[in-house]
1. For segment 206-255, how many residues meet the condition of being aliphatic (A, V, I, L, M) and open to solvent by 60 Å² or more (accessible area, probe 1.4 Å)?
2. When residues of segment 27-56 are filtered for being surrounded by 14 or more Cβ atoms within 10 Å (Cβ to Cβ) and either assigned to a loop (DSSP other than H, G, I, E, B) or of a type in the set (Ser, Thr, Tyr) (or both), how many remain?
3. Any idea which residue in segment 145-161 is least open to solvent (accessible area, probe 1.4 Å), counting only those that are of a type outside the set (A, V, I, L, M, F, W, C) and more than 30 Å from THR245 (Cβ to Cβ)?
4. If you check every pair at least six apart or on different chains, which have Cβ atoms under 6 Å apart with a residue in segment 137-152 that is in contact (Cβ under 8 Å) with a residue 12 or more places away in the chain and closer than 19 Å to ASP181 by Cα first and a residue that is outside any loop (DSSP other than H, G, I, E, B) and open to solvent by less than 20 Å² (accessible area, probe 1.4 Å) second?
5. Could you count how many residues in segment 57-99 are modelled with pLDDT of 95 or more, in contact with a strand residue (DSSP E or B) (Cβ under 8 Å, 6 or more places away or on another chain), open to solvent by 10 Å² or more (accessible area, probe 1.4 Å) and assigned to a helix (DSSP H, G or I)?
6. Right, ASP173: of a type in the set (Asp, Glu) and closer than 15 Å to SER117 by Cβ or not?
Amino acid sequence: MSLFSKLVAYARAAAVQHGPNLRGLPLIPKSLCPDPPGNREAFNQFVLWIHTLQLSRVNRVVDVGANHGDFSLAASALYPKAQVLLVEPMPTLQPELERRCARRSGRWRLESCALGSQPGSATLHVDPNLDAIGSLVGFSEEYLKASPLAKEGQTLACTVRTLDDLCVDRGIDTIDLLKIDVEGFEFETLRGGARMLRATTALIIELSLVRRADGLRALEEMLEVLSSAGLHLVECYPSLYSMETPWLPVEFNLLARRPTP
């Protein structure tokens with residue numbers, strides 16, 4: 001992203017927040033900002049996406065694949081009283097997320113696991129250079145071609161739970177805003193959260209076509225899953241393109257919500 005594009009995204013996010021948006025300002029050292037996001041461009045984009053959903057109130061946020069917590073920061077910036085559950089299996093990210101949760105007087109909670117279609121354990125494939133990339137489906141040849149900076153490295157065992165079971169344990173009956181970014185494991189995550197998906201008002205989900213053998217049908221299938229749960233597509237943003245065919249998107253971010261009664 002060019003500096004001009006970063007500044008435009010910052011200004012738009014500041015307008016949405018009705019304030020200076022110091023967390024998203026790309027020109028100052030992060031050390032000058034209390035509790036800065038891991039990626040300021042991602043934080044600003046999340047603010048804009050959440051605003052696009054036009055939610056009148058948000059009491060409960062669930063951030064699946066929380067990574068550094070940038071989505072949760074954006075949600076809390078717009079809805080400061082919301083209760084946020086962060087779900088993240090990467091051990092290297094746990095200390096940072098625990099610190100962020102400790103600063104928020106119980107409004108943020110951390111669950112150190114992955115989500116899937118059934119409980120158990122699984123192998124998490126981790127990029128040794130990019131802590132934003134950890135996948136239960138691994139690094140396919142097609143994905144590595146589309147993401148030349150990505151590299152498959154170590155693997156580690158992680159606990160897998162279902163979204164439905166996790167919400168029962170946490171006493172969560174409804175979700176106002178659900179974000180899912182699980183590097184190709186999104187269908188499995190949704191299968192394990194079929195009940196909660198029907199109790200979700202709005203959803204932001206990353207959909208990877210290059211991590212699945214059936215990638216060409218994945219977008220159509222995802223829209224069917226969302227529609228059957230009563231969620232309507234609001235926006236569809238391409239986020240990764242084929243290196244061989246630069247105009248061809250191979251990853252999308254989908255924004256969906258339940259119609260207002």
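1. Just the residues of segment 206-255 that are aliphatic (A, V, I, L, M), to begin with: 207, 209-210, 213, 216, 218-219, 222-223, 225-226, 229, 231, 233-234, 240, 243, 248, 250, 254-255.
Next, from what is left, pick out any that are open to solvent by 60 Å² or more (accessible area, probe 1.4 Å): 213, 216, 223, 233, 243, 248.
Residues in segment 206-255 being aliphatic (A, V, I, L, M) and open to solvent by 60 Å² or more (accessible area, probe 1.4 Å): 6 in total.
2. 8
3. Here the answer is ARG161.
4. Between residues of segment 137-152 that are in contact (Cβ under 8 Å) with a residue 12 or more places away in the chain and closer than 19 Å to ASP181 by Cα and residues that are outside any loop (DSSP other than H, G, I, E, B) and open to solvent by less than 20 Å² (accessible area, probe 1.4 Å), the close pairs are ALA146/VAL250.
5. 2
6. Numbers: of a type in the set (Asp, Glu): yes; closer than 15 Å to SER117 by Cβ: no.
Answer is no for this residue.
Residue by residue, here is whether (1) at negative phi; (2) not small (Gly, Ala, Ser) holds:
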residue: ALA157; (1), (2): yes, no
residue: LEU177; (1), (2): yes, yes
residue: GLU183; (1), (2): no, yes
residue: THR201; (1), (2): yes, yes
residue: LEU240; (1), (2): yes, yes
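The values are calculated or read from the model by the stated rules, or taken from the named source; none is laboratory data. Just so it is clear, the structure is predicted and the values come from calculations on it, not from any experiment. Because the Cβ atoms are built from the backbone with ideal geometry, glycine has one as well, and the counts that use them run over all protein chains shown. Side chains are part of the model used for accessible areas, which takes the heavy atoms of the whole protein and leaves out ligands, DNA and RNA. Shrake-Rupley method; radii C 1.70, N 1.55, O 1.52, S 1.80 Å.
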